[in-house]
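Written out below as structure tokens is the structure these notes cover.
Laboratory data are not the source of any read-out in this text; all were calculated from the coordinates shown. Just so it is clear, the structure is predicted and the values come from calculations on it, not from any experiment. Counting neighbours? That spans all protein chains shown, and the Cβs are built from the backbone with ideal geometry, glycine included.
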């Protein structure tokens, strides 16, 4: 069952969808439905692009799910510029065709957020970086870079609040590039080039072995 807070078409798309629907009704009623057909087609396209479907979260408590619909571009070992530790970075490119919902890779508490890259980072674009800590003490950093210039991306929750695995975390119209920084030793379950679905596909497993 869909939540009343998350309609089938994301609220960010209403600004495009509602005027197109209103224009289609006006032209159809006053000048004929054939003339209004282009507006109906554009409305259908807007509804498709801004869709926000429900996702089935896998029953893997230690699993890390993909944050976006799109493709895993690369997996590399590097130093986490946010937590200053050896880490593994998974780089994703969100699909331009949507869905544009960014989801939390794991369950835990949102501890801290950044709106600019650390000084040592090569990235200077606007971003939203979020540190999430699980109940077992695992820490990850999810970094969201909007594909196009956009007002500051904000998450649905604030620091100190809890987030569920696969839960809607933020919404970035027209998609985003995302980085997922995980601790060194995390078992990576996806391959570069693989297509992934946000909130459903497991891309890594937390390592709790002694």
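Compactness of the chain is given as radius of gyration and Dmax, 19.0, 72 Å, from Cα positions.
Axis of helix 37-49 versus longest Cα principal axis of the chain: the two differ by about 10°, to the nearest ten degrees.
Estimated at 0.36 nm per residue, the fully extended path between residue 44 and residue 209 surpasses their Cα-Cα distance by 54.5 nm. Per-residue packing, averaged as other Cβ atoms within 10 Å, sorts the ranges 83-94, 162-173 into the order 162-173, 83-94, beginning with the highest. Residue separation of residue 31 and residue 126 scaled by 0.36 nm, minus their Cα-Cα distance, works out to 29.7 nm of gained length. The distance between label points at residue 97 and residue 162 comes to 3.8 nm (points 7 Å beyond Cα on the Cα→Cβ vector).
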